[in-house]
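Visitor: Handing you a structure now.
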Amino acid sequence: QDLFEALLHAEDETSVLAIIQDNGLMPLEFWQPLGDLDNAFGIVTNQQQEATASLVEKVINAIDANLTRACFAAGIDPEGPDAPMSMTDAVGRLFHVPGGRLGDLTSSEQRQLAEFIQVVAVGSKPSPSYLIIDKGEGQTPKMQPTTFLSIAKANKMKIPFVQGKFNSGGTGALPFCGKENMQLVVSRRNPQCPVASDDETADLWGFTLIRRVRPADGRRTSRFYYLAPGGRVPTFAAPHVRILPETVKASEPARPYALPLESGTCIKLYNYRWSPRSLATTDVRYELERYLHQPCLPFRVIETRPYSGHYFATTVMGIWATIGSGATEGDEDAKVEEGYPSAESVNIEGIGKLPYTIAVFKPEVKKRRVPHGIHFAINGQSHGQPYGNFIGGKLDFAYLADSLLVSVDCTAMSLEAMEDFFMGSRDRDRKNE
C-alpha cells in the first residue's frame, strides 16, 4: 500500500521512475508483457490519432463499467437474455433516464449521475497528469491481467449494451503519456458484482504500473510491460483509498486525493500531452464534446490546480444535451438558429436505417466551442468524418463549414457495413466505396 500511495501521489514520470528504482523494481523480471504479447507495440500505437480521442476511450470504458455494475446490482446477467439490448435501453432501465435523454433531467439529477465518473487534473500546469475515476464494477487483482491488462480478448464481446468490443482502445492513451508512456491502474471489485469462487483476491485492491521499454539487444521496436512481481499484480487490503477530489468552494480548485473511493477503478495518466491546459474553463468540455456528441452517461471534469477562473468543475453531457430541445423565435440565448436542431433519417439498402440530427450554430458561437462538420456516431461517440472539407468543398457550402453540425447515428447500421466502414480505433473511417 505504501508503494501504491507513492505512485498515486507522484505527479510526473521522473518521480515515478525514482520510486521504482528506489524499490529495486526496474529489472524486467518484476514485469509482465502487456496483453501477454511480446510485440504489442503495433496495436498500442495504432489507436487514436489525437490525445482527446484517446482520453475519450478511457471515459467510454468508465461508462461501460458503470453500466455493467448497475446491471449486476439489478440481478441481471450482462450476457443473459434479460440484459438491456442497447446503451439507451440500459440507461433507461438501470439509471431511470427515460429514452436515455440526459437533457431532460434536472441539473441536480445530471450532477448526481455524473458523480459516477470523474476526470481530474493534477500535477503541474505545464505538464499535468489526469485521473479517470469511476465507481463501476471494478476488477479483482486476479482479474486484471485478463481485463485492464489484456489486449484483443473477448471481454465485452457478448454484452450488447456497452461500447467496448475490441479490447485495445484503452491502450491508445499510452503514447500520449510523457516520454515514458506510463499509466497507473488501481481497482477493487464492487461487492455487488460476482467473482469466481476460487478468487482469493476478491476483497483486495490491485494496482500496477504500465511503462514503455525502449528497443535494446537488437530489437527494432519498444515493448510495453506492467508491474507484476512474481507474475501477479501487487495487492493490499483497505476499506477505501483516498482518490476522489473534494470541492470546498465552487470558485476554488478542488482538493485532490481527499475523499475515499470504496470500490471501482482509477487510472492515472502521467504527463498526459493534451492541448487543454486548464480544466477551469468550458473549453475542455467543448473539446471532449467533439468526440462525445451524446454519451449515455454524463461525467464530471474537475480541476485541482490553481488557475484564474470562476469555477473549477463542469459536467459533460454531450453537445445535443447542451443544445437542448432547440431554438425558438425570440430565443436570444440559444446557440443554434431558430428551428434547430432538426432530425430525420435515411434508409439505405444494405446499410440500414441511419437517423441524423442537424444543427446550425449562430455566427457568434465560436468554432472552437462546438463540434462542426459531418460526424458518423455510434452510441453517441463520433467514429469519424468524411475526408477533407466535405461541407465547404464537396457540397460547396463554404459559408456553413464552421457552423453546421450533422451527426449521423450509425448505431443500427448493419454489422457487415459497420465492420467494413469503421476502423478499430473509432476515430476514423475506412476510405472505401
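The values are calculated or read from the model by the stated rules, or taken from the named source; none is laboratory data. For clarity, every value in this text was computed on a predicted model and none was experimentally measured. Please note: Cβ atoms are built from the backbone with ideal geometry, for glycine as well, and neighbour counts cover all protein chains shown. What goes into the accessible areas is simple: the full protein's heavy atoms, side chains included, and nothing from ligands, DNA or RNA. Shrake-Rupley method; radii C 1.70, N 1.55, O 1.52, S 1.80 Å.
Visitor: In square angstrom, rounded to the nearest 10, how much accessible surface does Asp38 have for a 1.4 Å probe?
Guide: Approximately 80 Å² for this residue.
Visitor: Report the local net charge at Ala401: Lys and Arg +1, Asp and Glu -1, summed over other residues whose C-beta lies under 12 Å from its C-beta.
Guide: Residues near Ala401 contribute 0 overall.
Visitor: Please figure out what share of the DSSP beta bridges in the chain is antiparallel and state it in percent, rounded to the nearest 5.
Guide: 85
Visitor: Let me check something: with ligands and nucleic acids excluded, how do Lys367, Lys335 order by accessible area (1.4 Å probe), largest to smallest?
Guide: Ranked list, largest accessible area first: Lys367, Lys335.
Visitor: At 1.4 Å probe radius, can you tell me the per residue accessible area of the range 1-97 in Å²? Each step should come with its number before you reach the end.
Guide: Numbers: 4160 Å² over 97 residues.
So the range 1-97 comes to 43 Å² accessible per residue, rounded to a whole number.
Visitor: Ok, one more. Within the range 274-300, name every residue whose backbone N is under 11 Å away from a label modeled 7 Å from Cα of Lys394 along the Cβ vector.
Guide: none
Visitor: Related question: Can you tell me how much longer the chain between His9 and Thr221 gets when fully stretched, taken as 0.36 nm per residue apart minus their C-alpha distance, in nm with one decimal?
Guide: 73.3 nm
Visitor: Still on this structure, please answer the following. Any of Lys125/Lys158; Lys135/Lys431; Lys135/Lys249; Lys58/Lys125; Lys135/Lys367 with alpha carbons more than 32 Å apart? Name them for me.
Guide: Lys125/Lys158; Lys135/Lys431; Lys135/Lys367
Visitor: Have a look at Ser86, Leu34, Thr106 and report the one farthest towards the positive end of the charge dipole of the range 1-125, computed about the Cα centre with Cβ charges (Lys/Arg +1, Asp/Glu -1).
Guide: Thr106
Visitor: Moving on to the next point. Over the Cα atoms of the range 33-92, each weighted equally, I'd like the Debye log10 I(q)/I(0) at q = 0.23, 0.25, 0.26, 0.28 Å⁻¹, rounded to two decimals.
Guide: Log10 of I(q)/I(0), two decimals: -0.90, -0.95, -0.98, -1.07.
Visitor: With a 1.4 Å probe and all protein chains kept in place, how much accessible area does Ser425 have, in Å² rounded to the nearest 10?
Guide: Only protein atoms counted, so the area is about 10 Å².
Visitor: What number does the range 48-149 give for Rg over Rh if you use C-alpha atoms and the Kirkwood radius?
Guide: We get a ratio of 1.01 for the range 48-149.
Visitor: To continue, here is another question. Determine the sum of side-chain charges near Ser129: Lys and Arg each +1, Asp and Glu each -1, restricted to other residues whose C-beta is under 15 angstrom from that of Ser129.
Guide: Counting the neighbours of Ser129, the net charge comes to +3.
Visitor: To continue, here is another question. Helix-only mean residue ellipticity at 222 nm, the chain, DSSP H runs n ≥ 4 weighted -39,500 (n - 2.57), per residue, nearest 500. What is it?
Guide: -5000 deg cm²/dmol
Visitor: Per residue of the range 380-393, in order, report the coupling 6.51 cos²θ - 1.76 cosθ + 1.60 (Karplus, θ = phi - 60°) as ³J(HN,Hα) in whole Hz, putting x for Gly and Pro.
Guide: The phi angles translate into x, 9, 5, 10, x, 9, x, 5, x, 7, 5, 6, x, x Hz.
Visitor: Further question on the same structure: Solvent-accessible area per residue for the range 146-264 at a 1.4 Å probe radius, Å²?
Guide: For the range 146-264, the per-residue accessible area is 46 Å².
Visitor: Counting just the Cα atoms, what span does the range 92-161 cover along each of its three principal axes? Round to the nearest Å and put the largest first.
Guide: 42, 39, 19 Å, listed from the longest principal axis down.
Visitor: Between His240 and Ser108, how many nm apart are label points set 7 Å from Cα along the C-beta direction?
Guide: 2.3
Visitor: Also: Would you mind pulling out the separation of the Cα centroids of the range 403-433 and the range 64-122, in Å?
Guide: A separation of 24 Å, based on Cα centres.
Visitor: I need the phi-derived Karplus couplings for the range 14-24: 6.51 cos²θ - 1.76 cosθ + 1.60, θ = phi - 60°, integer Hz, Gly and Pro marked x.
Guide: Per-residue couplings from phi come out as 5, 5, 5, 4, 5, 5, 5, 5, 4, 8, x Hz.
Visitor: Further, regarding this structure: Under a point-charge model restricted to the Cβ atoms of Lys and Arg (+1) and Asp and Glu (-1), what is the dipole moment magnitude of the range 360-433 relative to its Cα centre, in debye to the nearest 20?
Guide: Once rounded to the nearest 20, the dipole reads 480 debye.
Visitor: If you place +1 on the Cβ of every Lys and Arg, -1 on the Cβ of every Asp and Glu, and leave all else neutral, what size is the dipole of the chain about its Cα centre, to the nearest 20 Debye?
Guide: 1020
Visitor: How large is ³J(HN,Hα), in whole Hz, for each residue of the range 232-238 in order, when computed from phi with the Karplus curve 6.51 cos²θ - 1.76 cosθ + 1.60 and θ = phi - 60°, using x for Gly and Pro?
Guide: Here the 3J(HN,Hα) series is 10, 5, x, 9, 7, 9, 6 Hz.
Visitor: Okay, moving on. Using only alpha carbon pairs under 8 Å that are at least six residues apart, calculate the relative contact order of the chain and give it in whole percent.
Guide: Details: 926 pairs, mean separation 71.9, N = 433.
Here the relative contact order equals 17 percent.
Visitor: With every protein chain left in place, what is the accessible area of Thr322 in Å² (1.4 Å probe, nearest 10)?
Guide: Surface open to solvent at Thr322 totals about 50 Å².
Visitor: How long is the gain from Tyr307 to Ser345 if the chain were fully straight, where each residue apart is worth 0.36 nm and the alpha carbon distance is subtracted?
Guide: 9.2 nm
Visitor: Here's something else I'd like to know. Ignoring solvent entirely, what values of log10 I(q)/I(0) come out of the Debye formula for the range 256-388 at 0.15 Å⁻¹ when each Cα is a single scatterer?
Guide: One equal scatterer on each Cα of the range 256-388 leads to -0.90.
Visitor: A follow-up question, please. Can you give the log10 of the normalised intensity I(q)/I(0) at q = 0.07, 0.10, 0.13 Å⁻¹, computed with Debye over equal Cα scatterers of the chain?
Guide: With no solvent term, the Cα-only Debye profile gives -0.34, -0.71, -1.22.
Visitor: Packing-wise, with mean Cβ within 10 Å as the measure, how do 58-70, 252-264 rank, highest first? List each step's numbers first, then the result.
Guide: On the way: 58-70: 24.5, 252-264: 17.8.
Ranking the peptides 58-70, 252-264 by packing returns 58-70, 252-264.
Visitor: Dipole magnitude of the range 193-247 about its Cα centre, charges +1 at Lys/Arg Cβ and -1 at Asp/Glu Cβ only, in debye to the nearest 20? Kindly include the intermediate steps, with their values, before the conclusion.
Guide: Numbers: 8 positive and 6 negative charges, 144 e Å.
Computed charge dipole of the range 193-247: roughly 700 debye.
Visitor: Compare the Cα positions of Gly138, Asn46, Gly339 along the charge dipole of the chain (+1 at Cβ of Lys, Arg; -1 at Cβ of Asp, Glu; about the Cα centre) and return the one farthest towards the positive end.
Guide: With unit charges placed on the Cβ atoms, the residue in question is Asn46.
Visitor: If I take every Cα pair under 8 Å that is 6 or more residues apart in the range 165-239, average their sequence separation and divide by the length, what percent do I get for the relative contact order?
Guide: After rounding, I find 26 percent.
Visitor: For the residue pair Ser414 and Tyr387, what label-to-label distance in nm results when each label sits 7 Å from Cα along the Cα-to-beta-carbon direction?
Guide: Here the answer is 2.3 nm between the modelled labels.
Visitor: When the chain is fully extended, how far beyond the present Cα-Cα distance does Asp283 get from Glu433, taking 0.36 nm per residue of separation?
Guide: 50.4 nm
Visitor: Mind giving me the nanometre distance, one decimal, between the label points for Met157 and Leu28, set 7 Å out from Cα along Cα→Cβ?
Guide: The two pseudo-label positions are separated by 2.9 nm.
Visitor: Between Arg214 and Gln1, what is the FRET efficiency for a Förster distance of 25 Å, r being their Cβ-Cβ separation, to the nearest 0.05?
Guide: That gives a FRET efficiency of 0.25.
Visitor: Using modelled backbone amide H atoms (1.01 Å from N, in-plane), which distant-in-sequence or interchain residues come within less than 5 Å of Asn23's amide H?
Guide: none
Visitor: Leaving out ligands, DNA and RNA, what percent of the accessible area of the chain is carbon and sulfur, probe 1.4 Å?
Guide: Ligands and nucleic acids excluded, carbon and sulfur give 50 percent.
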